[in-house]
Amino acid sequence: MTDHTSLALTRRTLLAATALGLAAPRAFAQAASDVKIGLLVPLSGLYARPGAVMRMGAEMAVDHINSAGGVKALGGAKLKLVVIDCGDTTEKAKNAAQRMVAQETDLVAASGAYLSSFTLAVTEVTERAQLPVLTLSYSDLITERGFKYVFQTSATAASQARQALPLIMKLAEGASGKRPKTVAIIGDNTGASVASVKPMREGLLKELGLELVMDETFTPPLSDATPLVQKVRAAKPDLLFFLPTVISDGKLILEKMNEFGLGQGRIPTISFGIAIAEPDILQTISPELLQGVITCVGSWATKGHEDLVKELKARFNEPWMTQNAISTYGDMWLIKEALEKAGKADKVAVADALRTMDGGPSKYYPGGLLKFDDKGRRVDAEMTVVQWQQGIPVTVFPQKLAVAEPFWPKR
């Protein structure tokens with residue numbers, strides 16, 4: 001072999017090697033890695049049941065997103081759900097959040113944490129870690145602390161009360177021919193319940209011409225509802241605002257009301273939150289006792305969600321889709337949209353995308369808008385009014401999303 005031939009071969013070998021070296025990184029860059037999303041919810045203790053339903057909604061959404069091609073801006077990257085149990089106390093929730101940010105450093109966002117008191121504690125931790133968190137928790141305090149990495153997808157408790165009370169007064173007057181004049185409140189001391197009744201106590205009831213004749217707060221779980229219901233019977237209110245966050249507490253109070261002759265619509269009962277509309281309540285309380293009870297929630301399955309409800313029933317044997325399932329389902333799609341907008345799997349970039357979001361999967365949130373203000377609250381977020389009718393809690397407001405007409409219980 002001549003020196004000339006040897007040099008030619010060497011050049012060709014070097015060119016081939018260089019070409020291979022250049023090709024390798026391009027192939028590697030095109031490989032789509034999984035993108036991790038956190039779900040921090042109670043899966044043990046007193047609130048394990050709603051936490052499990054939140055997990056169902058998240059799993060359905062992740063499956064739907066991945067089967068539809070994943071995150072297209074990231075080369076079809078699939079979402080990977082990282083589920084963390086936040087337990088049933090504020091301390092446990094905070095500890096779980098600390099473990100999450102320490103152990104799962106590649107999370108791009110998270111959803112959780114059910115109770116407002118849990119969310120308040122969790123977001124103290126996630127804010128320092130610059131991890132964006134979406135939450136359906138209601139308390140106004142969640143987005144009043146100047147935080148930049150928390151996004152409240154539901155209407156706040158105070159705004160829910162302001163939206164719901166005029167509607168409830170209109171319903172009452174239309175059905176009975178007269179406006180209610182007196183109100184009683186029974187609520188627990190969790191963050192959302194306290195926030196819901198705060199505007200009522202601070203002037204909203206007075207604005208609507210309502211007199212507060214009884215106001216009682218309890219710590220869950222209740223051991224005996226008798227003292228509370230005795231006070232309701234003595235006060236004889238035209239309306240009862242009833243705010244438990246634990247199913248067993250709702251059951252105890254309704255059963256005791258029935259025992260004292262106050263149940264089955266004798267006192268129109270309005271709740272805020274999901275406890276009174278959870279499927280599990282039918283295991284221990286009859287549909288007749290629930291007939292007509294109204295609750296105001298941040299979200300619910302509405303007109304247009306029929307296929308999701310059908311899948312939830314078939315896949316998880318859930319009889320209807322509560323706010324815990326539909327809101328968490330929507331959160332996964334919202335995070336996916338933020339990833340598309342950010343163009344990279346980076347938590348700070350995802351948070352920036354959420355702050356400038358204007359559109360996205362708004363059909364999963366009542367109000368039809370998906371935009372956040374500088375506090376992290378969803379702009380013009382509406383709430384959903386749900387009423388027990390024939391053994392099922394159905395959406396009766398907003399009218400454009402309602403699946404049934406509301407009615408007012410006859411006293």
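Coordinate-derived values only; no laboratory data. Not measured: the values here are computed from a predicted model. No Cβ is skipped: glycine too gets one built from the backbone with ideal geometry, and neighbour counts run over all protein chains shown.
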Crossing angle, helix 90-103 versus the chain [Cα axis fit, 0-90 degrees, rounded to tens] = 10 degrees
Would you mind checking the tilt of helix 247-259 against the longest principal axis of the Cα atoms of the chain, expressed as 0 to 90 degrees and rounded to 10?
-> 20 degrees
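Would you work out the relative contact order for the stretch 126-174, in percent, from Cα pairs under 8 angstrom that are 6 or more residues apart?
Details: 46 pairs, mean separation 16.3, N = 49.
Contact order relative to length: 33 percent.
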What are the extents of the Cα atoms of the stretch 247-309 along their three principal axes, listed from largest to smallest and rounded to whole Å?
-> 41, 22, 18
Cα-based convex hull volume of the stretch 332-411 per residue, rounded to whole Å³ | 120 Å³
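Starting from the coordinates of the alpha-carbon atoms of the stretch 158-245, obtain the Kirkwood hydrodynamic radius over all distinct pairs and give the value in Å to one decimal.
Numbers: mean 1/r = 0.0739 Å⁻¹.
After inverting the mean inverse Cα-Cα distance, the result is 13.5 Å.
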Using alpha carbon centroids, what distance separates the stretch 107-157 and the stretch 285-348, in Å?
-> 18 Å
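Ranked highest first by average number of other Cβ atoms within 10 Å, how do 364-375, 108-119 line up?
Working: 364-375: 18.7, 108-119: 28.6.
The most tightly packed comes first, giving 108-119, 364-375.
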Radius 12 Å from Cβ of Val62, net charge of other residues (Lys, Arg +1; Asp, Glu -1) = +1
Semi-axis lengths, Å, the stretch 270-411, gyration tensor of Cα atoms, sqrt of 5 times eigenvalues = 32, 16, 12
Between beta-carbons, use under 13 Å as the cut-off and find the net charge around Leu222, counting Lys and Arg +1, Asp and Glu -1.
-> -3
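Quick one: in the chain, what % of C-alpha pairs are over 38 Å apart? Provide the component values of the computation, followed by the final result.
Values: 21702 of 84255 pairs.
Every Cα pair in the chain considered, those over 38 Å come to 26 percent.
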Average Cα contact separation per residue, the chain, under 8 Å, 6 or more apart, as relative contact order % | 17 percent
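Counting only helical runs of four or more DSSP H residues, what would the 222 nm mean residue ellipticity of the chain come to if each run contributes -39,500 (n - 2.57) and the total is spread over all its residues? Kindly include the intermediate steps, with their values, before the conclusion.
Working: 12 runs with 171 residues, N = 411.
Per the formula, -13500 deg cm²/dmol.
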Inter-label distance for Thr284 and Lys231, nm, one decimal - labels placed 7 Å from Cα along Cα-to-Cβ | 2.2 nm
So what's the angle, to the nearest 10 degrees on a 0 to 90 scale, between helix 48-67 and the longest Cα principal axis of the chain?
-> 40 degrees
